[in-house]
Amino acid sequence: MTPTPLIELAEVEENDAKGVTIRDGAKVRKFIVLRWGGETLVYRNRCPHAGTPLDWVPDRFFDRRKQHLFCTSHGASFEPETGLCVDGPCLGDSLEKCAFEVLDGVVVLKEAI
C-alpha cells in the first residue's frame, strides 16, 4: 500500500485543526488533522451521529471556547485528545481515529483510501 500524504504538519498550528479532503475517483474521504497538547492526531471528519462532516465552515472544528471539537450539524462535542463525544446526540461514541505517521514533515495516512 502506498501511503497517502494529507498535509504538511507545519500548516496545522498547535491547539488547532485543519480539514483535508482526499478524492479517488468517485470516492471522497474527509479527515481532521489536529495538533493538541503537543500531540498530532488524525480523525475521520465524520460525526458518529449522522455521518456528516464536523465543520460547516472549512477548518472551523472547535467550539467557541476552543475546548472541544464541535459538530455544527447537531451540536455534538468531542474531546480533542480522545475523540470521545462528551455532549450531544452521540454521547459516548467516538470519532474514528486514523493510523498515520509524520514523514519528512508531512502527515501521511497509513491506511488504504
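The values are calculated or read from the model by the stated rules, or taken from the named source; none is laboratory data. Note that the coordinates shown come from a computational prediction; the quantities given were computed from them, not determined experimentally. Here the Cβ positions follow ideal geometry from the backbone for every residue, glycine too, while neighbour counts run over all protein chains shown.
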Find the residue count for the range 37-78, including only residues that are hydrophobic (A, V, I, L, M, F, W, C) and either under 21 Å from residue 10 (Cβ atoms) or part of a strand (DSSP E or B) (or both). 7
Return the pair list, or none, for Cβ contacts closer than 6 Å from residues in the range 90-113 that are within 18 Å of residue 52 (Cβ to Cβ) to residues that are assigned to a loop (DSSP other than H, G, I, E, B), at least 6 apart or on different chains. 90/48; 90/49; 90/76; 93/48; 94/83; 95/83
Given the structure, is residue 81 within 21 Å of residue 111 (Cβ to Cβ), at pLDDT 95 or above, among the acidic types (Asp, Glu) and not in a strand (DSSP E or B)? yes
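To keep it simple, each residue is scored yes or no on (1) surrounded by fewer than 12 Cβ atoms within 10 Å (Cβ to Cβ); (2) more than 24 Å from residue 78 (Cβ to Cβ); (3) at pLDDT below 95.
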residue: 1; (1), (2), (3): yes, yes, yes
residue: 6; (1), (2), (3): no, no, no
residue: 11; (1), (2), (3): no, no, no
residue: 14; (1), (2), (3): yes, no, no
residue: 17; (1), (2), (3): no, no, no
residue: 21; (1), (2), (3): no, no, no
residue: 24; (1), (2), (3): yes, yes, yes
residue: 31; (1), (2), (3): no, no, no
residue: 36; (1), (2), (3): no, no, no
Write out, first by first residue and then by second, each pair whose Cβ atoms fall under 8 Å of each other, whose residues are 6+ apart or on separate chains, and whose first residue, in the range 1-24, is within 18 Å of residue 44 (Cα to Cα) and among the basic types (Lys, Arg) while the second is at pLDDT 95 or above and in a strand (DSSP E or B). 18/7; 18/32; 18/33
Hey, could you check the range 84-113 for residues that are of a type in the set (Gly, Ala, Ser) and either surrounded by 15 or more Cβ atoms within 10 Å (Cβ to Cβ) or over 18 Å from residue 11 (Cα atoms) (or both) and say which is modelled with the lowest pLDDT? 112
